[in-house]
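Remarks on the structure that follows.
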Amino acid sequence: MCGIVGYIGEKPAIDFLIDGLRKLEYRGYDSAGVAVLDHRGTQLVKSVGKLKNLQEKVEGNVNGGMVGIGHTRWATHGRPSDANAHPHSDCTGNIVVVHNGIIENFLELKEGLLQRGHRFESETDTEVIAHLLEELYQGDIEQAVYVLLNKLQGSFALAILARQEPDKIIAVRQDSPLIVGLGDGENYLASDIPALLQHTRRIFILNDGEVAILEKESVRVTDRDARPVKKEVFAVKWDPVAAEKGGYEHFMLKEIYEQPKAFRDTLTGRISPDSTRVTLDEVHLTVDQIRAIRKVAIVACGTAYHAGLVAKNLMEKWVRLPVEVDVASEFRYRDPLVDPETLVVVISQSGETADTLAALREGKRRGARVVAVTNVVGSSVAREADDVIYTWAGPEIAVASTKAYTTQLIALSLLAAYLAQVRGTLEKPVLSRLLAELKTLPAKAEAVLAQEDRIRSLAGRLVKHEDVFFIGRGLDFAVALEGQLKLKEISYIHAEALAAGELKHGTLALITKGVPVIALATQESVFEKTVSNIREVKARDAFV
Ligand code: M6R
């Protein structure tokens with residue numbers, strides 16, 4: 001949830017730092033800070049609470065230094081406070097660091113540093129990095145960072161400044177995203193793309209174990225052993241205005257309303273005009289490779305995992321292949337039955353989720369071909385997968401996925417239809433009807449959104465409750481799981497989704513007078529069954 005920004009160029013760094021941090025506010029934070037460097041030294045300003053607190057402290061107190069780093073923090077080690085806010089510095093104040101992620105061996109490192117006389121000002125894991133660099137620094141910050149990397153365990157994205165070398169920012173990525181933006185006579189660093197969009201569209205994403213040395217006129221990238229790495233620069237096409245609220249009360253609402261467009265974009269060019277064929281240009285699997293698949297393993301986290309459960313339903317039905325769906329954080333620890341005849345499908349909006357990336361690598365290690373469904377061009381998942389199907393949802397700022405989820409469902413439907421087309425498992429008229437139906441989705445989304453008033457009044461009835469239940473069968477159950485996650489995440493109301501037929505096996509005990517039950521009954525084949533489950537809860541006076 002933390003955010004990192006960095007600037008080196010010809011303008012006062014503070015302007016970009018504050019603007020960039022504001023663009024990352026959507027990720028949630030409890031404190032923020034900046035460090036700006038000029039020939040006189042480093043100025044460090046930090047504040048608990050909202051960015052406006054930091055901005056008030058900054059005004060008149062930060063020099064016009066043209067190199068700087070900034071951070072929004074979401075507490076992990078130590079409560080939210082000015083002292084625990086980043087950047088953190090060493091004992092001399094010469095080295096400052098901002099950090100996303102967790103240093104797993106920080107206690108051990110801190111103990112050693114304390115014994116060697118270092119003084120700590122915060123309770124964070126991050127501060128050990130500044131003190132370690134103080135010990136390792138012998139006139140070359142880059143060299144000190146390479147040695148540092150062998151001492152740290154855990155996940156980290158770092159931005160580092162050294163007072164003695166005011167012409168560079170060192171950035172490091174290990175399991176936590178970091179993006180470099182290229183300008184003319186200036187360069188940028190950020191943990192997420194929206195922070196950069198107003199300033200540059202030319203970006204590249206650092207890979208795990210890579211170090212970037214940002215200077216005014218150039219950016220060099222190396223691996224952790226200082227060997228040069230060549231990076232491919234991408235042009236981000238996202239409209240910067242699309243990454244702003246655009247008149248909506250909040251980003252989530254905006255993104256809900258962006259669904260019809262996102263659906264159109266995700267479908268464009270992928271279904272033939274007569275709806276008889278799917279084309280997935282980015283999938284390079286040959287006909288023989290597709291016919292050789294014996295099993296599909298879908299891996300993802302959170303919302304993307306729920307999209308995977310929907311895909312399981314579709315693929316088993318349309319392609320007649322066994323499909324397993326795993327939560328990515330479990331996948332590699334359960335010795336999965338994955339081999340070269342397995343097609344692994346990873347789903348990730350950001351393309352940077354560490355567990356999903358690890359699952360992708362595990363799939364490849366076991367010889368499987370990996371198809372990724374992702375929203376971010378050039379993300380780690382996109383680069384490491386064998387084939388990519390992009391969801392053209394545009395930037396997801398809200399964190400609570402909406403259009404990302406629904407476009408994942410479209411991309412996965414297209415993949416399932418494509419596999420069925422190649423393997424000949426659906427009769428042509430059936431495939432054609434499905435494809436024609438997919439094309440109607442943008443208009444159908446518009447029709448749902450037109451019911452905002454009804455939805456708002458229903459929400460008004462639910463908001464006073466502490467527990468909400470979702471029920472459904474088959475596909476509806478998979479969708480119900482996403483419904484309960486979203487309700488918990490954004491309203492803090494406890495919610496639970498159940499396969500409707502499971503109610504009678506215990507949970508019915510919690511269905512009492514007035515308890516809200518949201519029943520999904522969209523499939524003809526199980527409609528009557530679900531209706532009988534609705535009767536069960538109605539008999540207990542639930543509000544359905
Ligand atoms: O970027 P990813 O799709 O890999 O993220 C995985 C989950 O963290 C994500 O889907 C999360 O569950 C949703 N944003 C919640 O709304």
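Quick note: the coordinates plus some simple rules give every number you see, no bench work behind them. Quick caveat, the model's predicted, so the values are computed rather than measured. Cβ coordinates were reconstructed from backbone atoms using ideal geometry, including for glycine residues, and neighbour counts include every protein chain displayed.
Towards the positive end of the charge dipole of the range 1-94, with charges on Cβ (+1 Lys, Arg; -1 Asp, Glu), say which of V36, V62, S47 has the farthest Cα.
Projecting each Cα onto the dipole axis, the largest value belongs to S47.
With each label point set 7 Å from Cα along the Cα-Cβ vector, what nm distance links L107 and D208?
Those two pseudo-labels are separated by 2.4 nm.
Which pairs, out of K488/K538; K254/K488; K231/K439, put more than 26 Å between their alpha-carbon atoms? Before the final figure, lay out the partial values.
Values: K488/K538 23 Å; K254/K488 20 Å; K231/K439 38 Å.
As for pairs spanning more than 26 Å Cα to Cα, those are K231/K439.
Which angle from 0 to 90°, rounded to the nearest 10, does the C-alpha axis of helix 354-365 make with the longest principal axis of the chain?
70
Please turn the phi angles of the range 214-219 into ³J(HN,Hα) values with the Karplus equation 6.51 cos²θ - 1.76 cosθ + 1.60 (θ = phi - 60°), one per residue in order, whole Hz, x for glycine and proline.
Working through the residues one at a time gives 8, 10, 4, 9, 7, 10 Hz.
As I understand it, the dipole of the chain uses +1 on the Cβ of Lys and Arg and -1 on the Cβ of Asp and Glu, about the Cα centre. Which of A450, I493, V128 lies farthest toward its positive end?
Result: A450, furthest along the dipole toward the positive end.
Using Cβ contacts closer than 10 Å as the measure, can you line up S413, S122 from fewest to most? Could you put the intermediate results ahead of the total?
Details: S413 23, S122 19.
Placing the least packed residue first, the sequence is S122, S413.
Between R224 and A436, what is the label-point separation in nm under the 7 Å Cα-to-beta-carbon projection?
For A436 paired with R224, the spin-label model returns 5.6 nm.
What shape does the range 341-450 take by its C-alpha gyration tensor, where a ≥ b ≥ c are the square roots of the eigenvalues and a/c under 1.5 counts as rounded, a/b above b/c as prolate, and the rest as oblate? Walk me through the numbers before you get to the answer.
Numbers: a/c = 3.04, a/b = 1.17, b/c = 2.59.
Note, shape of the range 341-450 comes out oblate.
Could you name the lysines whose alpha carbon sits less than 17 Å from that of K216, not counting residues in the same chain fewer than 8 places away?
K216 reaches K11, K168.
If one computes P(r) from the Cα atoms of the chain, what percent of pairs lie at distances over 30 Å? List each step's numbers first, then the result.
Details: 80722 of 147696 pairs.
Roughly 55 percent, rounded to a whole number.
Please check which bits of the range 497-511 a label hung off I534 would reach, taking the label as a point 7 Å along Cα-to-C-beta and the cut-off as backbone N under 15 Å.
500-501
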